[in-house]
């Protein structure tokens, strides 16, 4: 996620290198052809105006839709943070109550709630890696029993399997009286909410924005960039400032290309890019908060923005 208010011109140019290269080439070509007399007159400016209006409509729709997807993804992960905290609170409070009433020993309660809470943290890390198509499970190895971690590596959907194991362990905790016979009634909906949040993330990940809007937006942008200098060259010649045409043409192309690129990079919020939602930081928040709820003081270092970006 980008936090800085001023962007590096070099990084912006990298994002737009194809569009800027095309704009510079088209502007230079129109300027040279007109001044060599090979182009008797430019195209009517109304051509660029009409095409620019159509392009603006496509870009506006795409950008609104892309931001909606990005914001929904951020809202879902906010729900994952809240559900994880609520789930940990329920498990910890109920296990501590069982120990206080003498149904189980303090050591049994402590071991059970630590295992379940750690698995909840592992779920967040596993979901982040699953959405980013990354394969580095070492990030949550320390949170799971060795045999469970090993078995998990053979599964196609590790976060889903972690939630299944979590449900089984909750039932076992009820049977062993670490949790009360009715505690599962309140805990299960919170656990189910994590399933719902995962499904919502996978829906965004696996369902792209309508490809026809993406294709035609890029097509109209290319046509606009190519035709724009040919629509401007005649007007600038009339005011005896033909040397300004390439500058203005590239500038206008830059504006439209930037607006188009904003929507393009925001429509997929789980690609591990600087424009994505900061899942690494949110997983770090979950781990710090839940381990603190267990009474631990040796917490992971807080993930902070680096050079204006939060991952």
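Rundown of residues vs (1) more than 27 Å from residue 281 (Cβ to Cβ); (2) modelled with pLDDT of 90 or more, yes/no style:
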site	(1), (2)
129	no, yes
133	no, yes
149	no, yes
170	yes, yes
190	no, yes
200	no, yes
211	yes, no
215	yes, no
235	yes, no
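Being without any contact (Cβ under 8 Å) to a residue 40 or more places away in the chain and either under 21 Å from residue 96 (Cβ atoms) or surrounded by fewer than 12 Cβ atoms within 10 Å (Cβ to Cβ) (or both) is the filter here; which residues of region 280-299 pass it? Hits for region 280-299 are 288, 292, 295, 296, 297, 298, 299.
Sort through 240, 266 and tell me the only one that's farther than 23 Å from residue 2 by Cβ and either free of Cβ contacts under 8 Å to residues at least 60 places away in the same chain or out of contact with any strand residue (DSSP E or B) (no Cβ under 7 Å at 6 or more places or on another chain) (or both). Spell out how you get there, then give the answer.
Numbers: 266 fails: farther than 23 Å from residue 2 by Cβ.
Of 240, 266, the one residue that is farther than 23 Å from residue 2 by Cβ and either free of Cβ contacts under 8 Å to residues at least 60 places away in the same chain or out of contact with any strand residue (DSSP E or B) (no Cβ under 7 Å at 6 or more places or on another chain) (or both) is 240.
Is it the case that some residue within region 58-76 is within 30 Å of residue 173 (Cα to Cα), part of a helix (DSSP H, G or I) and at pLDDT 90 or above? The answer is yes, given that some residue of region 58-76 is within 30 Å of residue 173 (Cα to Cα), part of a helix (DSSP H, G or I) and at pLDDT 90 or above.
Every condition in (1) surrounded by fewer than 13 Cβ atoms within 10 Å (Cβ to Cβ); (2) within 25 Å of residue 91 (Cβ to Cβ); (3) in contact (Cβ under 8 Å) with a residue 24 or more places away in the chain is met by residue 208 except one, and the failing one is (2). Pairs are defined by a Cβ separation below 6 Å, a sequence spacing of at least 6 or placement on different chains, a first member in region 33-53 that is at negative phi and surrounded by 17 or more Cβ atoms within 10 Å (Cβ to Cβ), and a second member that is at pLDDT below 85 and not in a loop (DSSP other than H, G, I, E, B); the pairs so defined are 34/233; 39/33; 42/233; 42/234.
Of note, residue 28 does not satisfy the criterion of being surrounded by 16 or more Cβ atoms within 10 Å (Cβ to Cβ), assigned to a helix (DSSP H, G or I) and in contact with a helix residue (DSSP H, G or I) (Cβ under 8 Å, 6 or more places away or on another chain).
The residue of region 170-194 that is nearest to residue 66 (Cα to Cα), among those that are surrounded by fewer than 17 Cβ atoms within 10 Å (Cβ to Cβ) and in contact (Cβ under 8 Å) with a residue 24 or more places away in the chain, is 186.
Contact annotation: no residue pair with Cβ atoms under 7 Å, 6 or more positions apart or on different chains, pairs a residue in region 1-29 that is at negative phi and free of Cβ contacts under 8 Å to residues at least 12 places away in the same chain with a partner that is in a loop (DSSP other than H, G, I, E, B) and exposed (fewer than 11 other Cβ atoms within 10 Å of the Cβ).
The set of residues from region 130-144 being farther than 19 Å from residue 115 by Cβ and free of Cβ contacts under 8 Å to residues at least 24 places away in the same chain comprises 133, 135, 136, 138. For region 240-295, the tally of residues that are more than 15 Å from residue 221 (Cβ to Cβ), part of a helix (DSSP H, G or I), modelled with pLDDT under 90 and under 22 Å from the mean Cα position of the chain (by Cα) stands at 1.
Determine whether residue 277 is buried (at least 18 other Cβ atoms within 10 Å of the Cβ) and touching a helix residue (DSSP H, G or I) at 6+ places or on another chain (Cβ under 9 Å). Even if it seems obvious, please write down each step before you answer.
Numbers: buried (at least 18 other Cβ atoms within 10 Å of the Cβ): yes; touching a helix residue (DSSP H, G or I) at 6+ places or on another chain (Cβ under 9 Å): yes.
Taking the combined requirement at face value, the residue satisfies it.
The values are calculated or read from the model by the stated rules, or taken from the named source; none is laboratory data. None of the values given here were measured: they were computed from a predicted structure. Note that each Cβ is placed from the backbone with ideal geometry, even for glycine, and that neighbours are counted across all protein chains shown.
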